[in-house]
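A short reminder: the numbers here are calculations on the coordinates, not readings from a lab. Keep in mind the model is a prediction, meaning the values are calculated, not measured. Reconstructed Cβ throughout: ideal geometry from the backbone, glycine too, with neighbour counts over all protein chains shown.
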Amino acid sequence: MRLSHFLNLALVCLCLTPAFAQPKPKASERDWEQLFNGKDLTGWDIKIAGHAVNDNYLNTYRVENGIIRISYDQYKTFDKKFGHMYYNRPYSHYILRFTYRFVGDQIPGGATWNVRNSGVMVHSQSAQSNSLNQDFPVSLEIQTLGGLGKGERHTANLCTPGTQVYMNGKLNPAHCIDSDSKTYDGDQWVTIEAVVLGDSIIHHIIEGDTVLTYERPEVGGGFVSKDYDWKTAGIDNGDYWMKRQNTPLGSGYIALQAESHPIDFRRVELLNLKGCTDPKALNYKSYFVKSDNTQCRYKK
């Protein structure tokens, strides 16, 4: 589905008098909430495996020249220092848009599968709820992969640490699910949009094309596989999640992943759609967001 077609459904507010008689306004730039202010990491919490919340180990996360940089120039070896930087407010219904690029070389000690590999987590647990040694939060990961200069390597994939999703009405048990995106080699900037509609449906979009769609996100019955369970992942409270397996996952935090290969983000912004999901709203399922607040117009 082309993005322009989807946004006609997602961002257009039906006019009241008379219906369809006036042009359909689109969300302006004022409607987009800038999660990254372009100056510093205000509003974000950092959690790196083995370290307390907001211990930014070896300056992994930083801002340089208006760009969020995940860097390893002060490391000698990666040593499984998986990290995530969480925006400090949860969301449920929204469109997330971010622009990223991979740079430089992977730090020694990173796994071979982590070369030009990172991600952005949605519907994630908070930084504060992570166990001390936890590698990955329970979340849905929009996996970002850079091309290796040889063959296809899709981006905007889905990985499911501690979660599971349905596709075409059936549970998809795979930990990582490939998108239909192009391959992006080199250090070019790539923009991904994710349309996240609570616990109903999520779309991954690049260059106007929907490259992946899945439904019914849930807390999973395990972490990754039978060989990589909650305990192996450093989660001390695995029993907490196991008791919540198969429960809908309809909201959570957004987090930028640090997974051993340097990556830059120059834009992270969000169009909040919450409040426009009431079936009594005139613009139900069109999710238009007013610039002053997240409101809907209701049928009389």
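Numerical summary
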read-out: Gyration tensor verdict on segment 88-144 (Cα atoms; rounded if a/c is under 1.5, prolate if a/b is larger than b/c, oblate otherwise); value: oblate
read-out: Share of alpha-carbon pairs per 5 Å distance bin for segment 63-185, given as whole %; value: 2, 9, 16, 21, 23, 18, 8, 3, 1, 0
read-out: Additional length obtainable on full extension of the chain from K39 to L148, 0.36 nm per residue less Cα span; value: 36.1 nm
read-out: Percentage of interatomic Cα-Cα distances in segment 167-211 larger than 13 Å; value: 67
read-out: Cα-centre dipole for segment 64-163 with unit charges at Cβ (Lys and Arg positive, Asp and Glu negative), debye to 20; value: 120
read-out: Sequence-distant residues sharing a close amide H with E33 (under 5 Å, placed H); value: L270, L271, N272
read-out: Separation of the W189 and A52 label points, Cα + 7 Å toward Cβ, nm; value: 3.7
read-out: In Hz, Karplus ³J(HN,Hα) per residue of segment 237-253 (6.51, -1.76, 1.60; θ = phi - 60°; x = Gly, Pro); value: 10, x, 4, 4, 6, 4, 5, 10, 4, 6, 8, x, 10, x, 7, x, 9
read-out: Leading residue at positive end of dipole, segment 116-260 (Cβ point charges), from P137, G238, L148; value: G238
read-out: Segment S200-D239, length gained on full extension (0.36 nm per residue, minus Cα span); value: 11.5 nm
read-out: Principal axis dimensions, largest first and in whole angstrom, of segment 140-182 by Cα; value: 34, 20, 12
read-out: Potential extension, N246-W113 segment - 0.36 nm per residue separation minus Cα distance; value: 45.0 nm
read-out: Karplus 3J(HN,Hα) series, Hz, for segment 70-81 with 6.51 cos²θ - 1.76 cosθ + 1.60 (x for Gly, Pro); value: 9, 10, 10, 6, 9, 8, 9, 8, 5, 6, 6, 8
read-out: For segment 109-192: relative contact order, % (alpha-carbon pairs under 8 angstrom, 6 or more apart); value: 25
read-out: Segment 47-123 - Rg and Dmax from Cα coordinates, angstrom; value: 13.6, 41
